1. Taking the residues in segment A:108-121 that are facing chain B (nearest Cβ under 8 Å) and surrounded by fewer than 21 Cβ atoms within 10 Å (Cβ to Cβ) as candidates, determine which candidate is farthest from A:Ala12 (Cα to Cα).
2. Considering segment A:152-166 alone, what residues qualify as being of a type in the set (A, V, I, L, M) and surrounded by fewer than 23 Cβ atoms within 10 Å (Cβ to Cβ)?
3. May I ask you to list the residues in segment A:72-92 that are more than 8 Å from chain B (Cβ to nearest Cβ), within 21 Å of A:Met146 (Cβ to Cβ) and assigned to a helix (DSSP H, G or I)?
4. Every residue in segment B:41-86 that is out of contact with any Leu (no Cβ under 8 Å at 6 or more places or on another chain), surrounded by fewer than 23 Cβ atoms within 10 Å (Cβ to Cβ) and closer than 16 Å to A:Thr89 by Cβ, please.
5. Take the residues in segment A:60-71 that are at the interface with chain B (Cβ under 9 Å from one of its Cβ atoms) and hydrophobic (A, V, I, L, M, F, W, C), then tell me which one is farthest from the chain's Cα centre (by Cα).
6. I'd like the full set of residues that are under 21 Å from B:Ala14 (Cβ atoms) and among the hydroxyl-bearing types (Ser, Thr, Tyr), limited to segment B:123-172.
7. In segment B:105-206, which helices (runs of 4 or more DSSP H) lie fully inside it and hold 2 or more residues that are among the aromatic types (Phe, Trp, Tyr)?
8. Among the residues of segment A:95-102, is any more than 18 Å from the chain's Cα centre (by Cα) and facing chain B (nearest Cβ under 8 Å)?
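Each reported figure results from applying straightforward, stated rules to the coordinates on display, with no laboratory input. Owing to the predicted nature of the structure, the values given are computational and were not obtained by experimental measurement. A quick note on method: Cβ atoms are made from the backbone with ideal geometry, for glycine too, and the neighbour counts reach across all protein chains shown.
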2 protein chains.
Amino acid sequence: MLKLYYAPGTVALASHITLAESGADYTTERLDFKTNQQNSPEYLAINPKGRVPSLVTDHGTLTETPAMLVYIAQSFPKAKLAPFDDAYTFAQMQSFNSYLCSTVHINHAHKMRGYRWATDESSYADMKRKIPQTMAACFALIERDMLRGPWVMGETYTICDPYLFTLTGWLEGDGVDIATLPKVADHRKRMMDRPAVQKALAEVNG
Amino acid sequence: MLKLYYAPGTVALASHITLAESGADYTTERLDFKTNQQNSPEYLAINPKGRVPSLVTDHGTLTETPAMLVYIAQSFPKAKLAPFDDAYTFAQMQSFNSYLCSTVHINHAHKMRGYRWATDESSYADMKRKIPQTMAACFALIERDMLRGPWVMGETYTICDPYLFTLTGWLEGDGVDIATLPKVADHRKRMMDRPAVQKALAEVNG
């Protein structure tokens with residue numbers, strides 16, 4: 001049995017959808033960020049980083065989205081969510097997810113989490129002002145060079161897709177009009193039609 | 001044949017060492033960051049992100065360190081640089097590398113690359129002042145919870161080790177005294193004794 005710790009509106013949605021796609025038996029537990037539950041002693045004992053998601057497995061607890069997505073895919077091979085026997089295609093998939101993790105998500109985080117990297121209110125405001133520009137630049141690259149269509153890796157749905165879907169959900173709040181990104185917009189629409197996406201969203205919002 | 005594009009002092013060293021460890025046939029090409037060669041039309045045709053490292057393979061070009069490290073390990077299995085047949089251990093390894101990529105490296109990048117996320121000189125100065133604190137916090141977590149010793153994953157050397165080694169090389173410049181981190185300091189010393197590390201460093205510095 002797998003257990004996912006998540007909070008609404010966070011990157012945990014990518015793992016949540018992937019669990020739903022995989023056919024795994026899983027449960028979820030919601031953390032309340034408003035009461036800073038992610039930094040409670042109980043949760044820090046599960047994930048000392050004080051972040052979501054965390055995935056509790058029979059072997060121990062995993063953190064970091066790119067690692068968790070591959071773990072779920074590798075543990076439930078019948079769902080065919082990643083190309084493990086093709087080193088180059090697997091690397092392209094990982095490269096996409098690593099870009100989302102270390103560039104796109106990081107840019108987004110500068111809107112609300114400037115305190116991680118600076119101390120002055122004026123710096124936080126400066127960072128916040130730049131979000132529409134940095135997020136638009138990332139998604140222009142994704143639209144032009146990275147998203148093959150209809151899925152990220154082309155004809156085959158992989159663990160890149162729920163990850164991209166999760167981050168495209170932030171575009172409106174980050175001041176980027178998804179209508180300027182036709183391939184990304186089409187991807188988002190296709191994802192919304194998938195039963196696993198609907199199931200995960202219902203669990204988060206229900 | 002593999003070809004690595006790198007610049008001295010960058011995260012490309014992790015892939016460089018891993019190539020040397022793997023037994024691969026490889027060549028390297030140095031980019032001159034002082035003349036902004038990473039943003040030249042020639043290099044942007046290889047890597048539209050304008051960053052290093054890039055790894056040119058017979059199949060195409062890969063970017064993003066965590067993906068490249070796994071690709072090298074998977075392509076040269078005799079070197080046994082990653083546990084592909086154990087999903088949980090593989091995920092722990094990936095989780096470590098993802099933390100280096102999306103948290104530790106990102107913190108470090110705020111010293112010289114504040115323009116990625118802000119616009120005002122005062123914000124850059126503010127970010128720069130926080131580097132010793134954010135890097136010390138990351139490495140305290142690595143020392144306490146993540147680096148098992150003697151290697152990152154315990155008794156077995158993996159692709160986590162050259163990645164950690166590359167980032168520990170930034171500590172002094174980031175205002176963190178490695179002597180306060182005995183396990184990290186021991187790891188750095190052990191890495192320096194490896195022929196592959198010496199070979200890669202000689203190629204970068206030679």
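1. We begin by selecting, within segment A:108-121, every residue facing chain B (nearest Cβ under 8 Å); these are A:110, A:116-120.
Filter once more, so that each one left must be surrounded by fewer than 21 Cβ atoms within 10 Å (Cβ to Cβ): A:116, A:119-120.
Working: A:Arg116: 20, A:Thr119: 27, A:Asp120: 29 Å.
Step by step, filter segment A:108-121, then rank; the result is A:Asp120.
2. Here is the first cut: in segment A:152-166, the ones of a type in the set (A, V, I, L, M) are A:152-153, A:159, A:164.
Scanning segment A:152-166 gives a single hit, A:Met153.
3. Residues satisfying the conditions are A:Ala73, A:Thr89.
4. Scanning segment B:41-86 gives B:Asp58, B:His59, B:Gly60, B:Gln74, B:Ser75, B:Phe84.
5. To start, the set of residues in segment A:60-71 that are at the interface with chain B (Cβ under 9 Å from one of its Cβ atoms) comprises A:60, A:62-68, A:70-71.
Filter again for hydrophobic (A, V, I, L, M, F, W, C), leaving A:62, A:67-68, A:70.
Working: A:Leu62: 15, A:Ala67: 11, A:Met68: 10, A:Val70: 13 Å.
Out of the qualifying residues, it is A:Leu62.
6. Within segment B:123-172, B:Thr134, B:Thr156, B:Tyr157, B:Thr158, B:Tyr163, B:Thr166, B:Thr168 meet the criteria.
7. On the way: elements: B:105-109, B:121-141, B:160-168, B:182-192, B:195-205.
Ranges flagged: B:121-141, B:160-168.
8. Start the filter on segment A:95-102 by keeping residues that are more than 18 Å from the chain's Cα centre (by Cα), which leaves none.
For segment A:95-102, residues more than 18 Å from the chain's Cα centre (by Cα) and facing chain B (nearest Cβ under 8 Å): absent.
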